[in-house]
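Take a look at the structure set out below.
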Amino acid sequence: LGIGGAAGTGALSPVCVCVPAGPRERLLYLPCIYRGTGTGRPDFLATVDVDPESPRYCQVIHRLPMPHVGDELHHSGWNACSSCHGDPTKSRRFLILPSLISSRIYVVDVATDPRAPRLHKVVEAEELARKGNAAFPHTSHCLGSGEILISCLGDPEGNGKGTFILLDGETFEVKGNWEKGGKIPNLGYDFWYQPRHNVLLSTEWGVPKILAQGFDPRDVEKGEWEILGNSGFPWDSWGFRGISEVLARWDCGVGWIVHESRELWENNSMFSLPQEGKWEAEKVIEVPNKKVQGWLLPEMPGLITDILISLDDRFLYFSNWLHGDVRQYDISDPRHPRLVGQVFLGGSISKGGAVTVVEDRELRDQPEPCVVQGKRIPGGPQMLQLSLDGRRLYVTTSLFSAWDRQFYPDMLAEGSVLLQLDVDTERGGLALNPKFLLDFGKEPGGPCLAHEVRYPGGDCTSDIWV
């Protein structure tokens, strides 16, 4: 059945696309960033051939440059997905590419020729500012109404503001703000929604004008609200029919950053459950700090920068960007996740680097450097994308150019990479595929930073079922 491509919006349920029915991915789309690398070129959308039978397997086969320099493409979404299932007027034709720094939103036609996408429209930053007092767009999801919902980090002056904007699903014009009434979060970042429960979950990152300069550990000490966010927010969305307000705030404490939000596909509950009308957060997985020498702080936290859940609700995956590992947990019992797979793909604590680990609650020794086809991998594992059958996990290494420059300066000079992990879907387990390496340091325009992965027909981090 598949999730569906340009001819449709998707499947009725994730059961229709997970093991073993899901079609194998043949193409990937990745936003590639030049901002901050010292190369005065525009960011571009790369099309990658991942068909094992193709003579151009594991190669960039097309590059769509944006018309401006300095955008910082980041995340992406679709004009329509499985939330529009059953509506014959909707099709997954356009990829929505918000720009984190310039605040432009690019609409890319991927249906006319999936192997060579073309630019369809540019929504300028002035329109976001004028109609929504919003800027720094981040996460994009389509709604069952056919509209497109995009979270923003702040206002046009660079102050923090956890606002959302709505785009018309046909014209891509800004319709205004999604939230209505009540206080909104001081900061914004990622979000996920579940129409069956009339709930949207949003998270925080930080104040845009501060984030753009890089990370300063002193900022964390200035207060939980001032610079970096540490909370998650459930929203009462009333079926996305015009009422949207914050129900609660989860405060995870100083020193924590609440980044990504995902829900189980069928069960729709994992870390947080409404109990007697209240929302409470329950910690079920912890990554301990490591005491270190040779780093900017005496303790190195585990920075979980991306998570996803397999379509069968069996496994949860996350990337631990600073320490350098990708983890797989069996979440058959959602409140008691069980670690079943772990692999190190670079990171800051590898042997032979500048950092010495002096106390570690998890590892007996520092991990070996990750070397693929003779190349020592720069950076750490960041964005994740899982194949529909759950057997292949794609991993990129760039987080955000300003933070890349600070934590992994070698990556700006060498470019980021795309790797692939083989997944044991029966017992659990991860293994690096030594035959798969896409080195974005070898791009014709110079080394660049590849970020998020999308499939033309939908994937494990963009579709939402109603």
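The values are calculated or read from the model by the stated rules, or taken from the named source; none is laboratory data. Note that the structure is predicted; figures quoted are calculated from it, not measured. All Cβ positions, glycine included, derive from the backbone under ideal geometry; neighbour counts span all protein chains shown. Areas reflect the complete protein model, heavy atoms only, side chains present, ligands, DNA and RNA absent. Shrake-Rupley method; radii C 1.70, N 1.55, O 1.52, S 1.80 Å.
Taking the criterion of being over 13 Å from Q385 (Cβ atoms) and out of contact with any His (no Cβ under 9 Å at 6 or more places or on another chain), the residues of the range 304-317 that qualify are D312, D313, R314, F315, L316. For the range 336-362, give me each residue that is in a loop (DSSP other than H, G, I, E, B), surrounded by fewer than 20 Cβ atoms within 10 Å (Cβ to Cβ) and free of Cβ contacts under 8 Å to residues at least 60 places away in the same chain. Across the range 336-362, the qualifying residues are H336, P337, K351, G352, G353. I'd like the full set of residues that are in contact with a Gly (Cβ under 7 Å, 6 or more places away or on another chain) and hydrophobic (A, V, I, L, M, F, W, C), limited to the range 133-151. A135, F136, C142, I148 - these are the residues of the range 133-151 that are in contact with a Gly (Cβ under 7 Å, 6 or more places away or on another chain) and hydrophobic (A, V, I, L, M, F, W, C).
Of the residues contained in the range 374-392, one or more are found to be surrounded by 16 or more Cβ atoms within 10 Å (Cβ to Cβ) and among the basic types (K, R). Tell me yes or no: at least one residue of the range 314-333 is under 24 Å from Q406 (Cβ atoms), at pLDDT 95 or above and open to solvent by 10 Å² or more (accessible area, probe 1.4 Å). There is no residue in the range 314-333 that is under 24 Å from Q406 (Cβ atoms), at pLDDT 95 or above and open to solvent by 10 Å² or more (accessible area, probe 1.4 Å). In the range 298-340, what residues are touching an Asp or Glu at 6+ places or on another chain (Cβ under 7 Å) and closer than 23 Å to R376 by Cα? Selection gives D306, F318, S319.
Put simply, of N133, N159, N79 the only residue that is assigned by the TED database to the domain that holds G214, under 19 Å from the mean Cα position of the chain (by Cα) and open to solvent by 10 Å² or more (accessible area, probe 1.4 Å) is N79. Residue count for the range 38-57 under the criterion of being closer than 26 Å to T305 by Cα and open to solvent by 20 Å² or more (accessible area, probe 1.4 Å): the result is 3. Here are the criteria: (1) modelled with pLDDT of 70 or more; (2) buried (at least 22 other Cβ atoms within 10 Å of the Cβ). Tell me which single one G229 does not satisfy. With (1) modelled with pLDDT of 70 or more; (2) buried (at least 22 other Cβ atoms within 10 Å of the Cβ) applied to G229, the lone miss is (1).
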